[in-house]
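Undergrad: Here it is: the structure, laid out below.
The values are calculated or read from the model by the stated rules, or taken from the named source; none is laboratory data. This one's a predicted model, so the numbers in the text were calculated from it and none came from an experiment. Here the Cβ is made from the backbone with ideal geometry for all residues, glycine too, and neighbour counts use every protein chain on show. Note: areas computed on protein heavy atoms with side chains; ligands, DNA, RNA excluded. Shrake-Rupley method; radii C 1.70, N 1.55, O 1.52, S 1.80 Å.
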Amino acid sequence: MTHPLLGRRRLLQTGAGLTSAAALSACGRTSGTVSQPGGSVPDKFRGRTRVVVWSTFADVPGDALQGLADAFNREQNDIYVEVQFQGTYDECAQKAVVSLLAAQAPDLCVLSDVKWIRFYFGDALDSWDDYFKPGELTATYNEKLLSEGRQQDRTWWLPLARSTPLFYYNRTLFKKAGVPDRAPKTYQELYEWSKEITKLKVGGNRVALEAYQKIDGDWQFQCSAWEFGGSYSDGLDVRIDRGGAVEAGEWQRKLIFKDRIAYMADTPTNDMGNQLIATVVTSTGGLKQLTEMAKTGGWELGTGFLPKQEKFAVNTGGGGLGIFRRSPRERKQAAVEFVRFLARPENAATWAVQTGYMPVVPAAVKSPELAKLLRDDPNYSTAVKQLELTSKGDQVRMMIPNANVRIYTALQRIWSGNTPSQKAFSEVGDQLRKSVDRYRTMIEEHL
């Protein structure tokens, strides 16, 4: 199964979707080291140990990561870091499965909050604790974010591009509508404001209140389910088809099909930038892009904590770094040096400033570059303040293969097909319970 000559078609079929526990188990439990993905060391860096980083970052964050890799390559003479973009979180994770089955692996891989643990369950990851001094990780990283990558008192996933959903609003439109220049305290307050906001037009188009993200919108909706008093699950007990999650789905369905002030979008951030919507709940990682779009479009951007319903709640998300168990130790040790470089306060600050992701290294906020930004632009400090109020996602979404896809597919039915949320969530709830039954033993063995 792991022979390097295994046909590409069969590899893709095996790795697609990460639904197969057997595929991931084969990635981790097969003996022998793996080779590197293709590439080469430039002549001016000849003789160095090559480190391959598989990245999910394009555009602004992609440039930021490449800039840090370039700086690392310039400052020392032993290691050359090559960043290879692999697409979205899902695409990168799928390619990692295929690559491991073909006896290849990058030395560092960006894995999302719902993907890394699947590789851990498949015994494909190596523990970071073996490459850092005792106490070094806890002294370096935000403890709450670091703890999300720990299982059985070992660290398997290091925070890098971590984020929370954030409430963004168009201050210019809020002022024109005559509503308070701040984030609403509750969903009901936002709904009252919407009566004035949605009377406005920009470029001949009536402004909508908000848009929901077609792909991966289950991450933002996790907050809504919590705030309406529900959840996706309690441990591995599926709860998506009852209570607050259903009510939150109905709330959004009403805004779309009855009030006609919301809709589903491929890229809500772009619609926000083009002033087609006045608000959006999306990742803190979109802050840099939205800030630039607001400047280009001639309007002011505001940020705030999420509105609350029965309570306030917000989850964490984003990507972190994993190393694969079967990579040669020499390459892993070289990769760790680049990780240490990224975690230096000044470099962690540069990453946060250039991308908008949360500073995962607490000492970074004291860096002059980031300290000035947090002082001069309150939008950047919102995520830092909200971090202390966050919780990690419900277990079923985080741990069951393709649970996130099943959930956002159900949400698509609500948002685009006017399917009652009880019907959509009952069907996905049944699917998730079957998956829990299938994977429970494997999960519980690793917790």
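Undergrad: How far, in nm, would the chain grow between SER35 and GLU250 when pulled straight, counting 0.36 nm per residue and subtracting the alpha carbon separation?
TA: That pair, SER35 and GLU250, stretches by 72.4 nm at full extension.
Undergrad: Ok, one more. Could you tell me the distance between the Cα centroids of segment 331-384 and segment 229-258, to the nearest Å?
TA: That distance is 35 Å.
Undergrad: Can you list the residues of segment 323-352 with backbone N under 17 Å from a point 7 Å past the Cα of ARG50, pointing along Cα to Cβ?
TA: 327-335, by backbone N distance to the label point.
Undergrad: How much length is gained if the chain between ARG242 and GLU444 is pulled fully straight, taking 0.36 nm per residue apart and subtracting their Cα-Cα distance, in nm to one decimal?
TA: Fully extending the segment from ARG242 to GLU444 adds 70.3 nm.
Undergrad: Residue by residue through segment 92-103, what is 3J(HN,Hα) from phi via Karplus (6.51 cos²θ - 1.76 cosθ + 1.60, θ = phi - 60°)? Round to whole Hz and write x for glycine and proline.
TA: 5, 5, 4, 5, 5, 4, 4, 5, 5, 5, 8, 6
Undergrad: Per residue, how many Å² of accessible area does the chain show with a 1.4 Å probe?
TA: Normalised by residue count, the accessible surface of the chain is 41 Å².
Undergrad: Tell me, in nm to one decimal, what length is gained between ASP123 and GLN152 on full extension, where the rule is 0.36 nm per residue of separation less the Cα-Cα distance?
TA: Extending this stretch completely gives an extra 9.1 nm.
Undergrad: Are any of the pairs LYS115/LYS434; LYS44/LYS95; LYS95/LYS385; LYS144/LYS295 more than 28 Å apart by Cα-Cα distance, and if so, which?
TA: Check vs 28 Å cut-off fails for LYS44/LYS95; LYS95/LYS385; LYS144/LYS295.
Undergrad: Taking 7 Å along the Cα-to-C-beta vector as the label spot, tell me the ASN77-LYS133 distance in nanometres, rounded to one decimal.
TA: For the pair ASN77/LYS133, the computed spacing is 2.5 nm.
Undergrad: Something else: Which of these values of P(r) over Cα pairs in 10 Å bins from 0, in percent was calculated from the structure shown: (i) 4, 17, 23, 26, 21, 8, 1, 0; (ii) 4, 21, 30, 26, 15, 4, 0; (iii) 4, 17, 24, 22, 15, 10, 6, 2, 0?
TA: Among (i) 4, 17, 23, 26, 21, 8, 1, 0; (ii) 4, 21, 30, 26, 15, 4, 0; (iii) 4, 17, 24, 22, 15, 10, 6, 2, 0, the one derived from this structure is (ii).
Undergrad: Next question, about the same structure. Can you spot the lysines whose alpha carbon is less than 17 Å from LYS311's alpha carbon? Ignore those fewer than 8 places along the same chain.
TA: Straight-line reach from LYS311, under 17 Å: LYS185, LYS392.
Undergrad: With an 8 Å Cα cut-off and a minimum separation of 6 or more residues, compute the relative contact order for segment 203-269 in percent.
TA: 41
Undergrad: From largest accessible area down, sort SER435, SER391; use a 1.4 Å probe on the protein chains.
TA: SER391, SER435
Undergrad: Of the accessible area of the chain, with the probe set at 1.4 angstrom, what percent is carbon plus sulfur?
TA: So the carbon and sulfur contribution to the accessible surface is 48 percent.
Undergrad: Right, another one. Taking Cα centroids, how far is segment 94-171 from segment 389-413 in Å?
TA: 18
Undergrad: Counting helices only, and only those DSSP H runs with n ≥ 4, report the 222 nm mean residue ellipticity of the chain as the sum of -39,500 (n - 2.57) divided by its residues, in deg cm²/dmol to the nearest 500.
TA: Using -39500 (n - 2.57) per qualifying helix, the result is -14500 deg cm²/dmol.
Undergrad: For a Förster distance of 30 Å, can you work out the FRET efficiency between the beta-carbons of VAL384 and GLU196, rounded to the nearest 0.05?
TA: Efficiency for this residue pair is about 0.45.
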